[in-house]
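Heads up: the structure comes next, in structure tokens.
The values are calculated or read from the model by the stated rules, or taken from the named source; none is laboratory data. It should be emphasised that the depicted structure is a prediction, and the values quoted were computed from it without experimental measurement. We place every Cβ from the backbone using ideal geometry, glycine too, and count neighbours over all the protein chains shown.
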Amino acid sequence: MASRRHPEIIVVPDAQSLAETAAKRLLARIGQGRGRAAVCLTGGSSPAGLYRLLASEPYRSSLPWDRVHWFMGDDRFVPADDPLSNIGMARRSFLDRVEMPAGNIHPIATSAGSPEAAARLYEAELKRFYGADRLDPARPLFDLVLMGLGADGHTASLFPHASALDEKERWVMGIENAGLEPFVPRVTLTFPVLASTREMLFLVSGQNKGEVLVRVLSGEDLPASRAHSNGDLVWLVDRAAAVEDHYAT
Ligand code: 6PG
């Protein structure tokens with residue numbers, strides 16, 4: 001099993017095969033159980049191909065949509081119909097394009113009075129779904145957590161030098177100042193709750209991520225380097241981002 005220090009790195013030829021590989025892993029993770037499953041989605045552009053795939057065949061008819069719950073690892077504190085909204089992108093790409101119980105989609109309440117208020121509401125929702133206020137490493141909250149990598153090494157909305165990086169108790173936090181565009185307030189899950197998963201899967205695509213990916217995998221203290229998983233930790237990287245030749249091929 002891949003660990004924090006020795007994550008599994010999978011290099012695929014291009015963005016399309018990254019989306020297909022991610023979709024297969026998601027289906028495998030969800031298919032392993034019979035009961036309720038939970039997937040934590042990432043925002044940004046990296047997952048767009050994957051999300052579109054999930055609404056098309058064979059995934060559209062293979063996924064057990066009635067028993068899968070969908071959460072957000074972070075969101076921009078904007079209305080859901082704002083082009084910057086992560087849940088808005090996920091809904092347009094697949095969530096609103098397949099039949100599933102409305103209660104299976106768990107957006108961050110960006111209509112709340114502040115990012116902090118939205119964070120407290122989401123933390124309560126996660127705890128209600130989990131059925132406890134404390135995470136048990138032996139009982140992960142999520143089956144799969146999708147993560148992206150920002151050019152500054154951030155992930156979710158955990159930016160370099162932010163105090164949220166060191167948070168050990170709170171599950172969700174409001175972030176007033178984003179460290180990278182879009183410079184709008186955010187709401188983000190914290191590392192302990194992102195780690196409560198059977199698999200954490202980073203999606204890294206494109207030449208513009210090559211340099212920061214090397215920095216993260218070389219152990220530089222960037223937010224994405226601090227991400228860890230109580231289950232598997234997998235970096236799914238396309239060839240354009242895998243600029244260095246020291247990746248396992
Ligand atoms: C967000 C994401 C963020 C994203 C990275 C990579 O809200 O923006 O959650 O963490 O994953 O910034 O973004 P791209 O995939 O667009 O490069």
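Search segment 33-54 for residues that are within 16 Å of the ligand (Cβ to nearest atom) and of a type outside the set (Ser, Thr, Tyr) and pair each with any residue that is at pLDDT 95 or above and part of a loop (DSSP other than H, G, I, E, B) when their beta-carbon atoms are under 6 Å apart and the residues are at least 6 apart or on different chains.
Matching pairs, first to second residue: CYS40/GLY73; GLY44/GLY148.
Please specify each residue of segment 193-217 satisfying the condition of being among the hydrophobic types (A, V, I, L, M, F, W, C) and either within 11 Å of the chain's Cα centre (by Cα) or part of a helix (DSSP H, G or I) (or both).
Answer for segment 193-217, where residues must be among the hydrophobic types (A, V, I, L, M, F, W, C) and either within 11 Å of the chain's Cα centre (by Cα) or part of a helix (DSSP H, G or I) (or both): VAL193, LEU194, ALA195, MET200, LEU201, PHE202, LEU203, VAL212, LEU213, VAL214, VAL216, LEU217.
Can you go through VAL204, VAL216, VAL212 and tell me which one is more than 25 Å from GLU123 (Cβ to Cβ), touching a helix residue (DSSP H, G or I) at 6+ places or on another chain (Cβ under 9 Å) and away from the ligand (no atom under 12 Å from the Cβ)?
Residue meeting the stated conditions: VAL216.
Identify all residues within segment 25-43 that are aliphatic (A, V, I, L, M) and crowded, with 16+ Cβ neighbours inside 10 Å; write none if there are none.
Correct list: LEU26, LEU27, ILE30, ALA37, ALA38, VAL39, LEU41.
Considering only segment 132-159, state which residues are β-branched (Val, Ile, Thr) and more than 9 Å from the ligand (Cβ to nearest atom).
Within segment 132-159, VAL145 is the sole residue that qualifies.
Within segment 115-123, is even one residue surrounded by fewer than 22 Cβ atoms within 10 Å (Cβ to Cβ), touching a Lys or Arg at 6+ places or on another chain (Cβ under 8 Å) and of a type outside the set (Lys, Arg)?
The answer is yes; a qualifying residue exists.
Of everything in segment 63-86 that's part of a strand (DSSP E or B) and more than 14 Å from the ligand (Cβ to nearest atom), which residue is nearest to VAL184 (Cα to Cα)?
TRP70
Which residue, of GLU169, GLU181, GLU220, is in a loop (DSSP other than H, G, I, E, B) and within 30 Å of ALA132 (Cβ to Cβ)?
GLU169
Quick test of your reading of the structure: SER225 fulfils all but one of (1) crowded, with 20+ Cβ neighbours inside 10 Å; (2) within 16 Å of the ligand (Cβ to nearest atom); (3) closer than 23 Å to LEU141 by Cβ. Name the failing condition by number.
Only one criterion is unmet by SER225, namely (1).
Against the definition (away from the ligand (no atom under 12 Å from the Cβ), at negative phi and within 15 Å of the chain's Cα centre (by Cα)), how does PRO107 come out, yes or no?
In short, yes.
Would you please name the residue that is surrounded by the fewest Cβ atoms within 10 Å (Cβ to Cβ), looking only at residues in segment 44-62 that are touching a Ser or Thr at 6+ places or on another chain (Cβ under 6 Å) and part of a helix (DSSP H, G or I)?
Taking the candidates together, the pick is ARG52.
Name every residue in segment 93-114 that is surrounded by fewer than 17 Cβ atoms within 10 Å (Cβ to Cβ) and in contact (Cβ under 8 Å) with a residue 60 or more places away in the chain, in order of residue number.
Answer for segment 93-114, where residues must be surrounded by fewer than 17 Cβ atoms within 10 Å (Cβ to Cβ) and in contact (Cβ under 8 Å) with a residue 60 or more places away in the chain: just SER114.
Given the condition within 16 Å of the ligand (Cβ to nearest atom), hydroxyl-bearing (Ser, Thr, Tyr) and part of a helix (DSSP H, G or I), answer yes or no: does some residue in segment 114-131 qualify?
Among the residues of segment 114-131, at least one is within 16 Å of the ligand (Cβ to nearest atom), hydroxyl-bearing (Ser, Thr, Tyr) and part of a helix (DSSP H, G or I), which makes the answer yes.
One line per residue, one yes/no per condition, for (1) touching a strand residue (DSSP E or B) at 6+ places or on another chain (Cβ under 7 Å); (2) in a strand (DSSP E or B); (3) surrounded by fewer than 23 Cβ atoms within 10 Å (Cβ to Cβ); (4) at positive phi:
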site: ASP133; (1), (2), (3), (4): no, no, yes, no
site: ALA151; (1), (2), (3), (4): no, no, yes, no
site: HIS161; (1), (2), (3), (4): no, no, yes, yes
site: GLY174; (1), (2), (3), (4): yes, yes, yes, no
site: ASN177; (1), (2), (3), (4): no, no, yes, no
site: THR188; (1), (2), (3), (4): yes, yes, no, no
